[in-house]
Amino acid sequence: MALYVYPLGGTQRITLTATNLPTGFYDAYLYGHGGPGDGYNTAFSLTSGSVLHGTRSTTTNTGWQAPPWAEGRQYVRFTNVLVSRHDPLVIHADRDAQYIPSLNAIQLVRRTADRFLVFPNSLTFRGLLEVVSMTDTGVVLRHSLDGSRVTTNSLALGSILTLTDTTRLIVQAFESDIPLGDPIQRDYVLVPPFDDEISWDW
């Protein structure tokens, strides 16, 4: 943490763009704190393709000056970021408490080589449920809602699928009509409301 870069000439942002990364899900560890002065922290934002993963800041407390390194002190972490080899990963380091950002280090860890995400996993729900999907560029997700086999003629899965009834969702990824891996199955069960005056969340 003794060494860092910062922008000159009054610029208030550092931008880093990574291209041609192997497709998969990544964790990004972004270190940013200058000094002396506890307020020289950094606000990081991360965008993968067109998906913004929010903004997180390092601390303005004295704990940043000594190891062990801890999330929220010297660095912030973005988890389960789907990165496509076709799209850039863009990191912005912006000023936070003080007038200038600092960038000490970056670590990118690929957790899986998966090329798509369907979330949440199987569960029960009341009313309606939104199923979210993300895909690598060039990959098409096709699906069925009755547990039947998915083919190249099956409907494409949009980024959000709204369910209002019990559903067995089968999803298969294709690239140029070639299946990618095995199909995945999600079971979503609509349950009736209970008139017991106990909240559903509880």
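The values are calculated or read from the model by the stated rules, or taken from the named source; none is laboratory data. No experiment lies behind these values; they were computed from the predicted model shown. Ideal geometry is used to build each Cβ from the backbone, glycine not excepted, and the neighbour counts take in all protein chains shown.
Numbers at a glance
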read-out	value
Only listed residue being not assigned by TED's automatic domain parsing to the domain that holds residue 80 and not in a strand (DSSP E or B), chosen from 162, 152, 124	152
Options 22, 36, 101; residue that is more than 25 Å from the chain's Cα centre (by Cα) and at pLDDT below 95	36
Residue match in region 166-173 (condition: touching a Gly at 6+ places or on another chain (Cβ under 8 Å), in contact (Cβ under 8 Å) with a residue 40 or more places away in the chain, not in a loop (DSSP other than H, G, I, E, B) and not assigned by TED's automatic domain parsing to the domain that holds residue 49)	yes
Every residue from region 135-149 that is in a strand (DSSP E or B) and either surrounded by fewer than 15 Cβ atoms within 10 Å (Cβ to Cβ) or of a type in the set (Asp, Glu) (or both)	146
Whichever residue in region 39-50 is assigned to a loop (DSSP other than H, G, I, E, B), on the phi < 0 side of the Ramachandran plot and small (Gly, Ala, Ser) and, among such residues, is modelled with the highest pLDDT	39
3 or more residues without any contact (Cβ under 8 Å) to a residue 60 or more places away in the chain: qualifying strands (runs of 3 or more DSSP E) within region 58-119	75-83
Condition met for residue 132 (at pLDDT below 95, surrounded by 11 or more Cβ atoms within 10 Å (Cβ to Cβ), assigned to a strand (DSSP E or B) and not aromatic (Phe, Trp, Tyr))	yes
